[in-house]
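Worksheet for the structure shown next.
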Amino acid sequence: MPKKEPGSSSSASTSDIPSPSDPLEIDEELYCQQLAVYGIETIRKLARSNVLISGLSGLGSEIAKNLVVVGVKSVTLHDDESVQLRDLSSNFFLSEDDVGKNRALACVPKLQELKDAVSVSTLTDLNPSKLSGFQAVVFTDVSLEKAIEFDDYCHNHEPPIAFIKAEVRGLFGTIFCDFGPEFTIVDDGAEPHVGIIVSISNGNPAEVDCLGTKELEFQDGDLVVFSEVEGMTELNDGQVRRIKKVMEYAFTLEDDTTSFGGYESRGIVTQVKQPKVLKFKPLRDALKDPGEFLPSDLCKFDRPQLFHLAFQALDKFRNDFGRFPASGSLEDAEKLISLAVEVDVNIGGGGFAEIDTKLLHQFASGSGAVLNPMAAVFSGIVGEEVVKACTGKFHPLHQFFYFQSVESLPVEPLNPGDVEPQNCRYDDQIHVFGHKLHKQLEDAKVFILGSDVLECELLKNLAIMGVCCSAEGKLTITDDNFIEKSNLRQQFLFRDGNIGEAKSNVAADAGTSINPSLHVEAFQIPVRSGAEDVFNDTFWSHLDVVIAPPPRNVEAYDYILSRCLYFQKPLLMSRILGTICSTAMVIPHLTQYYGMFGDPPVNESVNYRTIQYFPHKIDHCFILANAEFENLFVKAPNEVNTFISNPSDYMSLMTSYDIELANIGDSLGRIADCILGKRCQTFGDCVAWAVVKFEDYFEYRVQRLAVVFPEDDATFWHAPRRFPEPFDFSFTDPAHISFVTAASILRAETFGIPIPDSYGDILQDIAFEFLIDRENTAADKILSDLKSSDPLVKRYDIDGTKRELKRCLRMLPPGFQMKPVEFEKGDNKNYHMDFIAGLANLRARNYRIRPEVDKLKAKVLSGRLIPLIPSSAALAAGFVCLELYKVLAGGHSREDYCNSHGNLLTPAFLVHKPLPPKVTEYRGMSWTVWDHWDFNEDLTLGELLQWLHEKHIHVYGFTCEGLIIYNTENAFMPKWRPNKRVVDIARIVAKVSWAGDRKEIYIYLKNDDSSECHGAKNLLEFACIRCGLAEAGRDRAGETTGAEIKELSLVSFERVCGSSPERLLKAKSKVMLSGNDVKVSTGIPPEKLLLDKLREVG
C-alpha cells in the first residue's frame, strides 16, 4: 500500500504522482495571490492532487472551475446525463449547441481553456473501484444509496479518499464531508499567537504576566516557546512548554522555575502550532447521528435539523416516483412532508426536528431546479474543502452543512401557472421564481464597478441568470485597469492573449460569449467626482441597482455612496480577502447608509514614533519601507519636477503661509537629496547613493538613538520597545547586496541613467571603492550632523536649503526632468519589492524582530498584494446574487435582506439582517438619511432661510461642491441679497456648470449649535438641499438663463458626500493635501483661527 502523505488523509496510489519532496516549478508571478493565501508547499501539494467530480449540473461545473483555477493536477468529470436547455441557467460552460451531448464531455473543452497545466478528462461506468486513483471525490447528484456505497469505499480505503457529497435544490443546499477515520490538519491557517512578557515568577508552576495592551489569544493546553527573556535565560533554550489557566493578560507555565535565574526584563512567548487530528463518521452512520451542524444563521438554530430530514425525504421521493416534486404542486409537497416525518421517526424515535410545513412546501416546490447563485455559494465552500482534503491546510467542514435563502422568493405567492416552463434556458429559474421576476431580471439596468476576480464572478452569474438580457435591459461595467499576468489565474474570464487589454472590455466580451443575449457596455472610466461626462445624472437616474466593492480610498467610497443615496439606488457591496468574504446591502429607506462596513475605509492610525524609532512588529517595518519607497522614488522626483518647472512659485508656496516647518523641510529635503551635492549622473553615483542610504538606515540612525537612550535605561527600554543594534554594510551578506542593488537600480531609473548589463559584477566593486576612497562629501556632512542631533527631532536649515536649490538650478542640464517610479506588483524583476522587503527585513534585524519575510509575504504585509482565491470570490458573488433577486423583485422588508460573512479557513458562515437607518425626530418631524422634501418654486436665499426658520432650523452656512457659498460667520464671504436665487449663488461661487444633462445640485447646510437645535445633537451637522434644474435656456457662452428649485433634501449626519473640512479648505483655498501635510497656495488669508474653525466643522 502507498504511504500516507503527511497533512492529508489521502494520497495518490498511482505511481506517476511525485513525492512531496519532488520540486515542482511554481510561477510565483502567476500564482502570487493564491500563494499569499496557501503558501508554496500547499500549491505544490495541489499540483499533485487528482480530483473526481460526478454530476455536471451548475454546482458540479462551478466546483470544477474553482479547482482548475486553483491548480490541481487533474480534474476528472463524470455524468451520465445529457445536456438539456435548462442546464444553461446554471452551467456557464454549456451553450445551446451542446444540447443533447453528454454533460461531462460538453464541459471539457472550456474547462481545459482555463488552465493547460491541469488535465481535464471524463470517466464513464463509475463504480467504487475506480475511485482509488483520486485524493478527493465530489458527488453533486447521486442517490443516498449510491452515496453510501461510494463513501464506504472511500472511508475504508488505505489511505482514505476524501468524500464530499453536495446538493443544490432550488434555494436549499447541503454539504457532507468524510475525510476518513482520521484526518490530520497540518496547518489551520491561523498565525501563531504571540505575547510580550513583562514578568515571570520563580515558582512551581510559574506565573507569566504579559503586556496588557491586547488580550491574550492563547488557550489552555497550548504549547509555547520563549525567546529574548533577560534574567531567566533558561527559558530561551527553544524547548516547547505547555501552558494552562490562561487569563486576560497572564497564564500559568507548567514548569518549575524555582531554580532559574530571576526575571529581569523583556521576552516573547510564541504559540507552537501542532497538527490536529479529526475523526469523521461514514455517511451511513452520520445520517442517523449527525452530531453538531455548522450553523449559518444564528437566529434559526433549528433549521439544519429540519433540512437534514428534508433532503433524505427528497431522496426517498425521487426513488419512489422517479422524479422531483412538481413546482407549485401541493399534493407532491404533502407527500414529501409525510416522508420527512418517516425519516424523523427513524432518527432516535422521532422529535429530531420540528416539522415546518410552510418551509417544506417551499423546499418541495423548487427542488427540481439548480440556481446559479446557490451553485456559486456551494461551489466556493466545496472547492475549498477539496483543497483542505488534498493538503491538510485549514480546518475542514465537520461534517454536515445546510443553507437556505427562501427570503429570495417573491413576496407575493406564486400560482402553478406562474412557474410553467417555457422550454428556454431559464426554466430552472422560472421554476422557482416565476415569469414576472424573470422578466424583471431581463429588463434590469445594472452598474458593476470593477472587473477584478469578484466582479468577473458576478458578471458570469448575471449572464447565466439572464440579467440585462432583454432589449430593455443593460449592464454597464467600468474599470480603468488593464490585464496583468497575475490576473490570469484568478479572473477566469481572462486568457494569456488578453494581457495588456482593458479588463472591462475583455470581461464584457466573455459575458456575451456565456449568454449572447446579454446587453453589456464596457468603459475604462473611473467613477469619481469630476468624471461625469458618461456617468452623469441621466445615467444614474435610470439604474435599478449598483454592484460594487468598497473602493480603497475614502473619496471614491464617499462618491459612490453619495450617488446611490442621492438617486435612491440600491447598492450591493461585497469584498474578499484571502479566505474571507463579506457582503452588505444598502437599500433605500430600509437599511443603514453604510451597511455592515461602517465608515469609509481609512488608513489605520499608527504612532509615528513607533514606526520611526521603536518598531516591535514586522508590520511596523513595512510601513516605514512603504513610506520610504514613496518618498525616494515617487514623491522626490515629482517634487523636483514641480520645483524645476516654476521655482519662484514653488518657493512662494513654501513661505506664504503658516505651514509646519517639518512639512516644508520634508519637501525641500527630498529635492535636495536629488539635485544638491553630487547629482547622480552615472550608475556608479547611484550605487554610492544607495550605500549612503544603507548606512543611514541601519547604522547611523540606530547609533543616534542609542546615544540619546542608552541600553541600560530600563525606565525607557521597556516592553514592547526593543533596543536596536546597528550593523555595517557587508559585502558577504546577500541581504545587504540585494538592498543596495535594488536602491541603485531604482535611483538610476528616476534619473534616466542606463543600467549596465553586467551591473551585478561591477556593483560590489563600485561600492567597495566608494566606501574606501570617498571624500567628505555633502552626504557625509549631512550624516555627521544628524549623528550629533536629537534623533526624535528633525532639524532643517530651510533658508540655507532654499539658497542652495536656487544656485543649483543653473547647473542642471537643459530640459532636466526626473522620472517617478510607478509601482508594479505583477513584475517580480523590477526591484520594487526587493527594495521594500529588503529595507523592512534589515530594519527588523536592527530590532531583532523575527521572522524575516520573503517578497511574496512582503507584498501582502506592505499592502501591495491582496490575497485572493477563487473559492471566496464564488461564495461572495453567490451571496450578492441571492440578494439581487430581492432588490429587483421589490416589496421585500428589511428583515428579508441579508448581510453575510464567510470564512472558508475555519470554516464559519453567518448571515444577519442589516440595521435600519437612523431616524431623526425634531418638533414633530422625522426623517432618515434617505428622505427629502419637495419644492415646486423658484427658491431664493431669503425664502430658503425663512422656510428653515419656520421649521425652527437655524443654519449659519451652506456649501455646494465642497465650497462654502454662504456663511454668516465669515467676514470674507459676500453678502447675498435675500432675493438672490440659491442656484445662482451656487453657480457664481461654486462655479457649478449646468453642462450636459445635469439637472440637480447639492447644497449642504451646517446648523448653529447656539440655536434651538442645540439640544438635538447632530440633528443638522450636515443637511442637504437637492436642487433640480428645469430645462433652462442657454446663451452663447453656455450660461444658464433660467432654473427652478425642484426639491429639498434634509438628512441627518451620515458623512454625506465627504464634505470634510479638508475638502472645504481644498476647494476654497486651493490647498494641496499630501498625507498629513497642508500647504496653502492661494485664497483666503492664513489666519490660524480660520483653519482651526474649518477643522472643528468636521
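The values are calculated or read from the model by the stated rules, or taken from the named source; none is laboratory data. A quick note: this is a predicted structure, and the numbers were derived from the prediction, not measured. All Cβ positions, even for glycine, are placed from backbone atoms using ideal geometry, and neighbour counts span all protein chains on display. The accessibility values were calculated without ligands, DNA or RNA, using every heavy atom of the protein model including side chains. Shrake-Rupley method; radii C 1.70, N 1.55, O 1.52, S 1.80 Å.
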Condition test on Ala463, is it open to solvent by 20 Å² or more (accessible area, probe 1.4 Å), touching a residue at least 40 places away in the same chain (Cβ under 8 Å) and not β-branched (Val, Ile, Thr)? no
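For (1) in contact with a helix residue (DSSP H, G or I) (Cβ under 6 Å, 6 or more places away or on another chain); (2) at pLDDT 75 or above; (3) more than 20 Å from Ala690 (Cβ to Cβ); (4) not in a loop (DSSP other than H, G, I, E, B), each residue gets a yes or a no:
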| position | (1), (2), (3), (4) |
| --- | --- |
| Ala779 | yes, no, no, yes |
| Asp785 | no, no, yes, yes |
| Leu812 | no, yes, yes, no |
| Met818 | yes, yes, no, no |
| Phe823 | yes, yes, no, no |
| Asn830 | no, yes, no, no |
| Ile836 | yes, yes, no, yes |
| Arg848 | no, yes, yes, no |
| Ser872 | no, yes, yes, yes |
Being under 24 Å from Val99 (Cβ atoms), among the polar types (S, T, N, Q), within 33 Å of the chain's Cα centre (by Cα) and assigned to a helix (DSSP H, G or I): is that true of Gln429 here? yes
For His892, work out the one condition from (1) open to solvent by 20 Å² or more (accessible area, probe 1.4 Å); (2) assigned to a loop (DSSP other than H, G, I, E, B); (3) at pLDDT 95 or above it doesn't fulfil. (1)
If the requirement is being at pLDDT 80 or above, in a helix (DSSP H, G or I) and in contact with a Cys (Cβ under 8 Å, 6 or more places away or on another chain), which of these qualifies: Ala748, Ala742, Ala735? Ala748
Any hit, segment 745-759, residues being surrounded by fewer than 18 Cβ atoms within 10 Å (Cβ to Cβ), in contact (Cβ under 8 Å) with a residue 40 or more places away in the chain, of a type in the set (Gly, Ala, Ser) and over 17 Å from Lys693 (Cα atoms): yes
Conditions (1) buried (at least 19 other Cβ atoms within 10 Å of the Cβ); (2) of a type in the set (A, V, I, L, M); (3) modelled with pLDDT of 75 or more -> Leu910 fails only (1)
Give Leu905, Leu915 a once-over and let me know the one that is within 19 Å of Pro550 (Cα to Cα), under 25 Å from the mean Cα position of the chain (by Cα), open to solvent by 20 Å² or more (accessible area, probe 1.4 Å) and modelled with pLDDT under 95. Leu915
Having 2 or more residues that are at pLDDT 90 or above and farther than 30 Å from His157 by Cβ is the bar; report the strands (runs of 3 or more DSSP E) wholly within segment 181-268 that clear it. 194-200, 206-210, 223-227, 241-244, 250-253
Restrict the check to segment 103-110 and report whether at least one residue is touching a helix residue (DSSP H, G or I) at 6+ places or on another chain (Cβ under 6 Å) and farther than 26 Å from Ala47 by Cβ. yes
If you go through segment 502-522, how many residues are surrounded by 14 or more Cβ atoms within 10 Å (Cβ to Cβ), charged (D, E, K, R) and either more than 16 Å from Lys110 (Cα to Cα) or in contact with a Lys or Arg (Cβ under 7 Å, 6 or more places away or on another chain) (or both)? 1
Strands (runs of 3 or more DSSP E) contained in segment 59-162 and holding at least 3 residues open to solvent by 10 Å² or more (accessible area, probe 1.4 Å) and in contact with a strand residue (DSSP E or B) (Cβ under 7 Å, 6 or more places away or on another chain): 74-78, 119-122
Which residues, counting only those in segment 306-327, are open to solvent by 30 Å² or more (accessible area, probe 1.4 Å) and touching a helix residue (DSSP H, G or I) at 6+ places or on another chain (Cβ under 9 Å)? Lys316, Asn319, Asp320, Phe321, Arg323, Phe324, Ala326
If I go through segment 216-230 residue by residue, how many of them are open to solvent by less than 40 Å² (accessible area, probe 1.4 Å) and out of contact with any Gly (no Cβ under 9 Å at 6 or more places or on another chain)? 3
Counting only residues that are of a type in the set (Gly, Ala, Ser) and at positive phi, how many does segment 411-443 have? 1
Which one of these is among the hydrophobic types (A, V, I, L, M, F, W, C) and open to solvent by 20 Å² or more (accessible area, probe 1.4 Å): Phe709, Phe698? Phe709
